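Single-structure report; data block below.
What follows is calculated from the coordinates using simple rules that are stated; it is not laboratory data. Computed from a prediction, not measured in an experiment: that's the story for all the values here. Backbone-built Cβ (ideal geometry, glycine too); neighbour counts: all protein chains shown.
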Amino acid sequence: MLTAGEAAAQLGVKLGTLYAYVSRGWLKSYRRKVGRQALYRRSDIEALRGVIAPERGVRARSLPDASSWVTVAQAPSDGSSTGVIVAESGVSSIIEGKLAYRGYPIEELIEHASFEEVCLLLWSGERPRPEEVEHLRAGIAAARIPPPVVAALAAVGAGAPPLLRLAVMMPSLAAAEHRLPARSRLDQARMIITVLPLGLAPTAPVPAASEAAGGGAGRAAPGSLGMAARLCERSLAEHTDADREALDCVLVACAEHELNASTFAARVVASTGADLYASVLAALCSLSGPIHGGACDRIESMFAELNAGVRIDEMLDAFGAKHSLPPGFGHTIYPRGDPRATLLKRVARATARRTGRELFQTALEVEDAVWKRARLRPNLDFYLTVCVRLIGFPRGMPAAIFAMGRAAGWIAHSLEQSADNRLIRPRMRYHGSPPRHWE
């Protein structure tokens, strides 16, 4: 008998392909009497190897090319119903409650890396050169909205929710792309990141040149400040270097988080061969659902109620009566607390010293009350919302800033999927009516 790893090595395939052989009935697995480990007969592996291995002849006609399959879902080793493994990735990792982007701990990135550096790190896998970072920042500083995007944003109006405005930009950018010479996916990635801030309706005076219609990104003077600066310019009448630095930390914290719902949506679309605009649009659409993308808005509503005079205990009682958790608390992957929330709490504390402590003090009181009642720690959404509002952004912006930060990760996963693509085509377990006849 062979283990899964030994069997896959004998066949010269990945574990996902081995499991695909089992699911299609081409190979049988056996379970130990004690434990959950699957075993495989050596004779079965040898027989299958004679069919599929290149050195044994041409692949059998009955076996389609494995590159067209999705990696078969693998149940977690602890037997739980969540955390099913459906893909392999080198973009980020969450191991024993510690988050890392391309191997770099999130704590170090928030402290030392800019959002532009993190974008390029996620996309390429390696720490970028200074000139690459400056090129991306210059593109962000000099970006212009292509005419099709201008028309689409005008159609939805300045009063449309920020996430909707970001979503309508993607097909419009794809339409603009058809009028230009063919570009690489990495160039498409730069276009998306540089233009995204311009999709938000400005709430502060913006230089006329920033709104001029044009073809993509131009060049800016050395020392361009990047995404955080562009967002501050469009939404804040006044801002400081400290505000930009705080927002940059928020964007870095939001940039990537393994295979969440929006990232999975982006990878599914990328697996069809679609362009990056379609992948990012799919991810943005997934945020329209309240379960994945609505937390920031609900947190803002919660703070608005508290500011209007509702007591924290009353508010928590109301959540309890509905059998729901207060928004911004708890995370299935981080039972001991979300490390991103811990890091952004420090950013919020420093920001509150400059801009006023009232909101931050309320946040601390809510955190303390929820811990005493439910033993839940805040997650990213909670202190992301606190940070963004403390910096001075208007209501509705925390969710949009989350999306613009996470776009870096969506793009990274889409690029990774395209580089070694297998169409993602999962299966479902049928539990409907038994076979019957229409007579």
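Excluding the site residues themselves, the longest part of the chain lacking any chymotrypsin sites (Phe, Trp or Tyr not before Pro) in a DSSP loop with at most 11 other Cβ atoms within 10 Å is 1-429. Taken along the Cα-to-beta-carbon direction at a fixed 7 Å, the label points for residue 160 and residue 95 span 4.3 nm. Along its first, second and third principal axes, ordered by size, the chain spans 73, 58, 57 Å in Cα coordinates. Placing a label point 7 Å from the Cα of residue 395 along the Cα-to-Cβ line, the residues of region 268-297 whose backbone N sits under 13 Å from it are 297. With the biggest extent put first, the Cα atoms of region 362-439 measure 65, 40, 24 Å across the principal axes. Taken about its Cα centre, region 103-170 carries a charge dipole of roughly 520 debye when the Cβ of each Lys and Arg holds +1 and the Cβ of each Asp and Glu holds -1.
Remark: the residue 423-residue 46 segment gains 133.0 nm on full extension, using 0.36 nm per residue and subtracting the alpha carbon distance. If both residues of a DSSP beta bridge must be in the chain, then about 95% of such bridges are antiparallel.
Return the single residue from 117, 258, 365 with maximal mean-square fluctuation; model: Gaussian network over the chain, springs between Cα atoms under 10 Å. In this elastic network of the chain, the residue with the biggest mean-square fluctuation among 117, 258, 365 is 365.
Between residue 126 and residue 346, the distance separating the two model label sites (each 7 Å from Cα on the Cα→Cβ line) works out to 2.9 nm.
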